[in-house]
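Working notes for the structure below.
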Amino acid sequence: MRSALTRPASISSGLVRSVLRSAPMRCLVFALLALAALAAHAIDPLPFKDRAEEVRFQQLTRQLRCLVCQNQDLADSDAPLAGDLRRQVFEMMHAGKSDAEIKDYLVARYNDFVLYDPPLKPGTWLLWFTPLALVLIGAFVLARIVRARARQALAESQKTTQPNSGDDDW
Amino acid sequence: MNRLIPLFAFFALVALLAFGIHWNTHHEMSEVPSPLIGKSAPAFALPQLFEPEKTLSGKDLLGAPYLLNVFGSWCPTCQYEHPILTQQIKRLGIKLVGLDWKDEPADAKRWIGQFGNPYDVLITDRDGRAGIDFGVYMAPETFLVDAKGVVRYKRIGMFTQENIRDELMPKIAEMQREAAP
Amino acid sequence: MLPELGQFALILALLLAAVQCALPVFGAWRGNAALVAVARPAVAGQAVFVVLAFALLTYAFETQDFSVAYVAQNSNLALPWYYRFSAVWGAHEGSLLLWILILNVWTVAVATFSRRLPDVLIARVLGVLGFIAFGFLLFTILTSNPFARHLPALADGADLNPILQDPGLIMHPPMLYTGYVGFSVAFAFAIAALLGGAESTGAKSPTRTPAEEQGLTDWVRWARPWTNVAWAFLTLGITLGSWWAYYVLGWGGWWFWDPVENASFMPWLVGTALIHSQAVTEKRGGFRAWTLLLSIFAFSLSLLGTFLVRSGVLTSVHAFASDPKRGLFILAFLTIVVGGSLTIYALRAPKVAGGRPFHLLSRETLLLVNNLLFTCAAAMVLLGTLYPLIGDALGVGRISVGPPYFGFMFFLLMLPAVLLLPLGPMFRWASADWRATIRALIPAFALALVAGVLAKLMTTGLSLRGVAGVAASLWVGIGIVLYAIKRWREAAPGRRYTPEMLGMMLAHFGVAIFLAGVLITEAASVESDLRFLPNETKTVGGLDFRFVGVQHAQGPNFSADEGTLEVRKGDQLVATLHPQKRQYVGGGSVQTKSDIDPGLLRDVYVALGEPVDPASGAWAVRVYVKPFVRWIWLGGLLMMLGGFTAAADRRFRALPERRPAAPRRASDQIAGTAAGAGAR
């Protein structure tokens, strides 16, 4: 955050206005407009005890959203707070905490917003179940169409004995 | 009838997008509401800035409401907020605790020396752990904690005259009403 | 002076767009051939002025005219000429102008290559395209004038966003927009068909001859090559974007399910459904209303993408500056265009299912399933992208929807599509012989299974996903090869492979390559953040990385720290890589510039971090070994090639057959020709 906040301001009156309107959001405003923070990602070697722990850490931090530069996950963000949170996650892993416990710890402080994988609860039912419902409704409609057309096809094939000329294949 | 379904679905989408524009112009999209509102403030025990050998804990502050202002000498927005807070805090009649977040105490002392000290007490959180416990992500942030130690309100970003008047003061008044009988 | 001329050219283009929209459509309605004939000259005129405006903006960039605010914001004296060129579309205003330019290129192409089609149909098509151009020109002129002055002129400009200073970014937006905007042609054909009544007239007539039946769907045959080309460009644009993100953003990822990526992916998904449903409508006369609807959807989603990127409603990686005024304008335009076209659809879409009947086991059924899955996938992406907004609206709090959601859902929805894919070409229209199909596909199934098992046994710890990737890729790939062999055996020489069929095979083979790339990369990539002392060697993914050190490097408009790493396999030097951290003279934060040793079977990818311990000279370095990652883009390129190949089929350019119907009035004659059917 430190580097982001003290980054030299550049250009655009609109930009300046929006920064003044919400000065604390500087980092974000810049990140959004200028993609500035994107290519400066975090490379942060931590003393993992083995490869499995490293992979687990990478997978977990990829599912967590950074609050400072909100388009990045915790694994990639180079905001200082993201570094602190990575270290926190790392320490909790060493203390034998499960992924769920680590997520709960962060949610208790920063809200569901930190989870890129939205938990299933009444507020997200629409999110999780709508695609399924659409497929089911679609499949139902599709089945009706196919049945109707198949009936028609049967009726016609009784009239004409020639089903489907091979030449018309494509 | 079936032919109208796409049209209706589209209108629902337009309504949502119009809501999005409206919402976007009236809210800061990056603000994430704190889950701490209505819950006890997290426990902390931190050294004081000017007397590092003394610590201040959440328990020490029980009994009277206070404002916890999270700032840092590295944070330019905090400089904008500082005079407003200095000017308004007397009118608010509430204790002001300053939490110097992720900062070198020496820098913070210089900063306070330069811009003045409206705080009743200043504590330092050098490694930022207390800040994480409070869910701080974007200094300045300010928490209103009541006499029982419950977080009543949080401001993300700087206080302006307007939102002190429109948001903070009613909250303080509400707390005082509750405490009165 | 010149920038004002550019602005003036835009205004003239706006007026001509209005003419191009209003007169020909009115003429087509009233049967006035003179008004119909206005369409092509208006198109030419509008294109001249749009090209002029674009050329003038480019000129302002190349001559460093910092009195133009847009130039001053997105360029500076140190910027090399080729990036000054791509800087034209480096931000909101200029990219909008590019959008309009590309729309004009499409419109001119339609006007030029459709001389043999009925004038009235083309007048309507060009009219619809004119309306879209009108909306976007008005938007540019009212809210986003790229020629606005900043006086007095600045001595030097700010900079083109450093992250955009990359060869990939010169090509990515034009290709993407060409695809996006290209769906406007299919859209315009659909609206023209609806306006012309081609779809509604005679829908209930039980006595149509096959020729008349065919006439109802002529427009689809003409729209198909345009749709395929647009789809191919969009595929290329997305592929380039993914490749660019991979090597520029330095995250080693290739797809992030970011709102802006999703904005381009949704039209692609619906476009994919559309090119399949068009095939049914054109060849079998079926799914007519559905094809119309998909044509509308595909372009609507392109417009929606424009809205999402430019309104600032969603928090996104590469969103442009947010401005509620712009958001409101696009939303209003979106409402008019999409709301209007869906209303026309509701009024005039065919009420009765047309086309030839088919059995449950038939190619039609499979294409319906394809359409169902791709449409649902697009709806899922839309829902996930907008859900944070829905969360706000419902008051359930701030919700993040990210890769875990999209990845899981997309996998579920595409699984059946991948499993059914090889069956599609094997199944015949109307009625398929399932026993013969199964017999034909047994080799593919068996090989996929064996390869999956082998992959599991021969590698250590390849996850289920990787195994699935190998198996799915072979199932699809060999399935397509088997179809090619079947065709070779069964069809007469000379008519074995039409370009259309060849395109299908290429694109589907691309799917196989893509699947292998995605699933193997996801399953078997190795990533590590390492702390290197100078001359220290570490092993990642079976390769030895020796960190030589960091030196200073100087570029045309940046200075950099440049690391050197030697990659060895055993004793053999594989590559020497030079990742950089760049500080551009235009200011801004430090940019990570990764270095990659590309390979068909694996990429080695390194990015330089910070000095972790200045005393010992230790640096943080991120290292990836990514097997098969190139196959992702290779698959995309094959799909693109398939789209172009299919579009080249001469059959699509065939004229309607002459029919003996004798209409009474001029407008009937016109409408009749447009519909290609005297169904009365």
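At-a-glance table
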{"read-out": "Radius of gyration and Dmax over the Cα atoms of chain B, both given in Å", "value": "20.1, 77"}
{"read-out": "Rg/Rg_ref, segment C:242-350, where Rg_ref = 2.2 N^0.38 Å and atoms are Cα", "value": "1.29"}
{"read-out": "Computed label-point distance, nm, for sites C:F113 and C:W488 using a 7 Å Cα→Cβ extension", "value": "3.0 nm"}
{"read-out": "Theoretical gain in end-to-end length, C:L347 to C:L419 [0.36 nm per residue, Cα-Cα removed]", "value": "22.1 nm"}
{"read-out": "Sequence ranges A:43-53, A:84-94, ranked by mean other-Cβ count within 10 angstrom, highest first", "value": "A:84-94, A:43-53"}
{"read-out": "Surface/4 of the Cα convex hull for segment C:368-456, nm²", "value": "8.4 nm²"}
{"read-out": "Sites C:I336 and B:I84 - FRET efficiency at Förster radius 35 Å, r taken between beta-carbons, to 0.05", "value": "0.20"}
{"read-out": "Rg ratio (alpha-carbon, reference 2.2 N^0.38 Å) - the protein assembly as shown", "value": "1.01"}
{"read-out": "Inter-chain Cβ neighbour average for residues C:125-137, partner chain, 10 Å", "value": "0"}
{"read-out": "Segment C:323-372: mean projected area of Cα convex hull, nm²", "value": "5.5 nm²"}
{"read-out": "Protection proxy ranking of B:31-43, B:67-79, C:482-494 - average other beta-carbon atoms within 10 Å, highest first", "value": "B:67-79, B:31-43, C:482-494"}
{"read-out": "Integer Hz, Karplus 6.51/-1.76/1.60 couplings in order for segment A:136-146, x for Gly and Pro", "value": "5, 4, x, 5, 5, 4, 4, 4, 5, 4, 4"}
{"read-out": "Hz values of 3J(HN,Hα) by residue in segment C:118-130 - Karplus curve (6.51, -1.76, 1.60), Gly and Pro given as x", "value": "x, 4, 5, 4, 5, 4, 5, 4, 5, x, 4, 4, x"}
{"read-out": "Per-residue average of Cβ from other chains inside 10 Å of A:133-145", "value": "4"}
{"read-out": "Compactness of segment B:117-164, expressed as Rg and Dmax over alpha-carbon positions, Å", "value": "11.9, 33"}
{"read-out": "For residues of B:133-145, the mean tally of beta carbons on other chains within 10 Å", "value": "4"}
{"read-out": "P(r), alpha carbons of chain C - 20 Å bins starting at zero, rounded %", "value": "17, 46, 31, 6, 0"}
{"read-out": "Protection proxy ranking of C:625-633, C:571-579, C:123-131 - average other beta-carbon atoms within 10 Å, highest first", "value": "C:123-131, C:625-633, C:571-579"}
{"read-out": "Cα-only Debye scattering, segment C:492-584: base-10 log of I(q)/I(0) at q = 0.23 Å⁻¹", "value": "-1.11"}
{"read-out": "Calculated P(r) of segment C:312-467 - Cα pairs past 28 Å, %", "value": "52 percent"}
{"read-out": "Largest-first ellipsoid semi-axes for segment A:65-161, taking √(5λ) over the Cα gyration tensor eigenvalues, angstrom", "value": "53, 14, 12"}
{"read-out": "Förster radius 41 Å - calculated FRET efficiency between C:L2 and B:T25 (Cβ-Cβ, nearest 0.05)", "value": "0.70"}
{"read-out": "Too-long pairs where the Cα-Cα distance tops 27 Å, listed order kept, from B:K39/B:K171; B:K102/C:K325; B:K59/B:K109; B:K54/B:K171; B:K54/B:K148", "value": "B:K102/C:K325; B:K54/B:K171"}
{"read-out": "Neighbourhood net charge (13 Å Cβ-Cβ; Lys/Arg +1, Asp/Glu -1) for C:L342", "value": "+2"}
{"read-out": "Helix-only mean residue ellipticity at 222 nm for chain C, each DSSP H run of n ≥ 4 adding -39500 (n - 2.57), per residue, nearest 500", "value": "-21000 deg cm²/dmol"}
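Quick note: the coordinates plus some simple rules give every number you see, no bench work behind them. Keep in mind it's a predicted model, so treat the numbers as computed, not measured. Neighbour counts run over all protein chains shown; Cβ positions are idealised from the backbone, glycine included.
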